[in-house]
Each structure stands twice: as C-alpha cells, then as structure tokens.
Amino acid sequence: MNIEDEIQKSIQSLELDSAEDSKEELAAPEEVKPEEVENLDKMEEDHIQDEVQPSDQPLQTEPKVKDQEMATPEKAEEIDEKDENQKRHLNVVFIGHVDAGKSTAGGQILFLSGQVDDRTIQKYEKEAKDKSRESWYMAYIMDTNEEERVKGKTVEVGRAHFETENTRFTILDAPGHKSYVPNMISGASQADIGVLVISARKGEFETGYERGGQTREHVLLAKTLGVSKLLVVVNKMDDPTVKWSRERYNEIESKMVPFLKSSGYNVKKDVQFLPISALLGSNMKARIDKSVCSWWDGPCLFEVLDAVEIPLRDPKGPVRMPIIDKFKDMGTVVMGKIESGSIREGDSLLVVPNKAQVKVLAVYCDENKVKRAGPGENVRVKLSGVEEEDILAGFVLSSVANPITAVTEFNAQLQILELLDNAIFTAGYKAVLHVHSAVEECEIVELLQQIDPKTKKPIRKKVLFVKNGAVVVCRLQVSNLICIEKFSDFPQLGRFTLRTEGKTVAVGKVTSI
C-alpha cells in the first residue's frame, strides 16, 4: 500500500509540475481565450481530486478535446434531427370489445416486424398450451403480467414499438373489458390513430355491437379523445364459422358505417375497413393470397398504417405534456405524450398545478436516450427539482413562459349520450370527469343554454334539465385543481368524457376557462 501511495503522490506532483510548465509554455495571454484558461484550471482541479492517471499527451491539447466535446451535442442533435426527419412517428391504439383479438393483433405485428424472436414465441406457445389456451399465445407478447395471462383479459395498457419502411409506431394495447374502461381512456388519449378490432366470429360481433357492448363505447370514446383516423379490422376471418366469407365481412361493414357516422367520423376520409386473421397473421404484413381470400383486392394492415396521414403538430408551440405515470429511477421520471412543443435536455419547465420548477435531466424515447423530442412522441422525462410523491397522474409538464391553466370551474359544451335509467341531467348532477390523463369527480353547477343539434344554434328558452341526446352548454366544478385548455386552443387538452357507475354518459369540450 505505502509504495502505491508514494507512486500516486509522485504522479500527482509530476502532473502539477507539468501543468505549471505547460501553462508557462502556452501562447501569449491575448491569444489564449479566458474560457480555455478556465478549462485548464478546472482540469488541474479534477486531476488533483480524482487522482487520474497521467496522459501521454501534453496538456495543451486538452482544451481542444474539451471543445470537441462541447461540439458533439450539437452534432448529435443534427444527426438526431436528420434521423427524426427520415421517419415519422405515430401512436396507434388497439380498441374494441373484449376478446376481439386486440392483444393477439398487437403481438402478431411485433412478431412480423421482427421485435420478437421465434424462441420467445415457442415459449409462449408452450405456456398457453399448459393453461389449455392454445390460441392465446400471441396475446402473451402484449399481456405481460400473470393476472392478464390467467384471465385472458388485458388490464393495463400494453405498450410496444415497431417500425415499417417510413414510420415508427408506438402500439398501445387498450383493455376491452368494461371494468377497465378508465385504463382504455388513458391509452386512447395518447393515440393519433385507432385500430378498431372486430371479431367476425358468429355471435361475437353482435355481442360487441349491441347496446352495452364495448365496440360502441370504444368508438365514441376514441372520437372524443381525439383519435381522428380509424382503421376497422375485421378479425378472426379464418374462423370455421366465417371461412373468409365476403357476406359476413359486408354485413359487419354495413352495420358499422352508420354507427361510425353517428359517432362523428367521416367514413369516406377517416375510416378504412380490412379483413385479417391476427392469429395466423393473414393480410397483416403481406397481402393475403388469392387462394385463401379471392375477393379482397385491397392493401394489407402494414400498408394502410404506413399510408395514414399524420396529424399536424406544432414543435415550436408552448410545451404541454400530460403526465400519465411517474416513478423513481435515480431521480424523478415522468411518462406521457408531448401534445405540443418540444422537450430538450437541460430545459426548465413547470409541473402544473403545483407550479414546481423543474429541470430536464434526460429524455427517453422508445427506450433510447435522445437530445430532444417533439410533439406526438411518447416519452419518459427525467426531472430534477421535484419529488416523485409530489406528482400525480393528470398533472401537466408545461413551458414556464406560457404555462397551462389550472382551474376548479369551467364552461363546456356537452353532448349527453345515455344517462343511467333515464336519469335527468340538471344542476347538481355528479359524475367522474376524464380529461387527458386526469380523472376527477365533478358536479354540474348550472345549465347555461341548450343547443339545437340540427341548426347548431342556441335555443332561447331557459333550460333547467335535459335528457338523452341533448347538446347543452353548462358550468362544471371539480373537487381539485385540474389542468385544461380551451378546445379551440389545444383540442387534446380540451376534450373530456363524463362517466357514472362505469358508463360513459356524456362527451364534451371546454369552451371557456
């Protein structure tokens, strides 16, 4: 030990001497930039503190290295920008009635795009067989926890990534069971486009489509939550009761089109139908063989996804990122989708409503650390300046100069869908409000005016109560501060749903704050 200590000391003294010498050897003071001198001083201190091994190169070269280091982040950012421009990014949510095959479709996509290898698939096949559930093995890719696998039901929103030739996708696998609709809402609120999975199997489509079936509720929720494009995939076409029947496919399409129209979708522009078999992977990555399905001439799922028009977003707008989840990992990490603006490493931001000033330490996108992330990206952001327990889902990360508003009262236009057992909607009506990732109890304080659904104009007479199907402007009050924006400014942060006893009773948009 003593010998080592002596060697270490002599190294240090040598280093200091050489540092002194090299400082004297440096060019005349006017040629040396003050920052470089500072750099040198800093390096000497570092050498002493860290007892670093001496380098063979003379010390004058060090400032250059430092400068190079300083230059690399910009270069990295340029590379980052280039990379970003090459591939656009889309968030796709899989929605539909329980057992329609959402998780299986998600799993098959990951398998076909090479995200999951054959060995893993074989392991899942064996596991599913042991549970006497042979047809569930593809779903195990998305349903990762044991509860989901045993029940065969998705509970949490599964998340995964895959790429096609010119698009990066984030898959959000939403639960179909009505008990987990709040989880489905949080998944759909992060999505740009929806894939509505419908089972063609005899009886299954009907169950999902009837009143109380999740197909209807999911479509309405998706529209309310800003999922502007919908891909309707008719799954299980390989089923013995269907056998790729054109009649069955047409029957499902003819029933769905009027309903999609009534939900607010422009069927010609924003909706596309196609038949698939998620379990076999038919018509997903490659077009289906004519020997299997002679009547289908359209594209396959990957082609449609690749061709979907992307919604326009503003990367230079004020930062808005609703927080979906948070956890501790050598600091506080928050997860969410950037709705507006860009988040960079080193940014100073605000967490609203508790107005905590935070600094961005790192940004992660699809597991990779990035210098910046733009709108539409699902990211994890590491923050300093706030404790994990001081953040709740529904808080919003926003820019300091133009923060989001936090309120307890606001005016909104509501469309009443279906009240429970013909209840009357009036002042004093209580429900649970879902807006972006926030969930709060709310009360209707006052009905301001009723709107004629046909003419879209207000009805003159004073309104005391309304029934199913009515459109009404009212004032709502929530129990805690909530972050919202006017629908006209930020649609994603101004749309909401009202639910009571596990049922969606109304959808609305914020008109004034």
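The values are calculated or read from the model by the stated rules, or taken from the named source; none is laboratory data. Not measured: the values here are computed from a predicted model. With ideal geometry, Cβ positions are generated from the backbone for all residues, glycine too; neighbour counts draw on all protein chains shown. Accessible surface is based on the protein model in full, side chains and every heavy atom, while ligands, DNA and RNA are left aside. Shrake-Rupley method; radii C 1.70, N 1.55, O 1.52, S 1.80 Å.
Data table
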read-out: Matching entry among K355, K371, K316, K359 (being of a type in the set (D, E, K, R), under 28 Å from S228 (Cβ atoms) and more than 15 Å from the chain's Cα centre (by Cα)); value: K316
read-out: Pairs, first touching a residue at least 24 places away in the same chain (Cβ under 8 Å) in the range 379-395, second open to solvent by 60 Å² or more (accessible area, probe 1.4 Å) and of a type in the set (D, E), C-beta under 7 Å, six or more apart; value: A393/D325
read-out: Residues (assigned to a loop (DSSP other than H, G, I, E, B) and hydrophobic (A, V, I, L, M, F, W, C)) located in the range 189-235; value: A191, A200, L225, V227
read-out: Top-ranked residue in the range 142-173 [being at pLDDT 75 or above and not in a strand (DSSP E or B); ranked as farthest from the chain's Cα centre (by Cα)]; value: E165
read-out: Test: residue in the range 276-293 that is assigned to a loop (DSSP other than H, G, I, E, B), open to solvent by 80 Å² or more (accessible area, probe 1.4 Å) and either closer than 25 Å to T497 by Cα or hydroxyl-bearing (S, T, Y) (or both); value: yes
read-out: Qualifying strands (runs of 3 or more DSSP E) (wholly inside the range 388-462; at least 2 residues being surrounded by fewer than 21 Cβ atoms within 10 Å (Cβ to Cβ) and of a type in the set (S, T, Y)); value: 405-416
read-out: Residue in the range 494-510 that is within 22 Å of the chain's Cα centre (by Cα) and either open to solvent by 40 Å² or more (accessible area, probe 1.4 Å) or farther than 25 Å from D325 by Cα (or both) present; value: yes
read-out: Among residues of the range 112-129, those that are open to solvent by 50 Å² or more (accessible area, probe 1.4 Å) and part of a helix (DSSP H, G or I), counted; value: 7
read-out: Any hit, the range 246-263, residues being surrounded by fewer than 20 Cβ atoms within 10 Å (Cβ to Cβ), modelled with pLDDT under 90, in contact with an Asp or Glu (Cβ under 7 Å, 6 or more places away or on another chain) and assigned to a helix (DSSP H, G or I); value: no
read-out: Of all residues in the range 463-491 being assigned to a loop (DSSP other than H, G, I, E, B) and under 29 Å from A393 (Cβ atoms), the one that is least open to solvent (accessible area, probe 1.4 Å); value: E485
read-out: Search result, residues across the range 130-140 that are in contact with a Phe, Trp or Tyr (Cβ under 8 Å, 6 or more places away or on another chain) and at pLDDT 75 or above; value: M138
read-out: Count of residues meeting criterion [over 21 Å from the mean Cα position of the chain (by Cα), of a type in the set (D, E, K, R) and farther than 10 Å from F425 by Cβ] in the range 461-485; value: 3
read-out: Number of the exception - G317 against (1) open to solvent by 20 Å² or more (accessible area, probe 1.4 Å); (2) over 25 Å from V257 (Cα atoms); value: (1)
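One line per residue, one yes/no per condition, for (1) closer than 17 Å to E485 by Cβ; (2) hydrophobic (A, V, I, L, M, F, W, C):
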{"site": "S342", "(1), (2)": "no, no"}
{"site": "V363", "(1), (2)": "no, yes"}
{"site": "A373", "(1), (2)": "no, yes"}
{"site": "N378", "(1), (2)": "no, no"}
{"site": "A393", "(1), (2)": "no, yes"}
{"site": "I404", "(1), (2)": "yes, yes"}
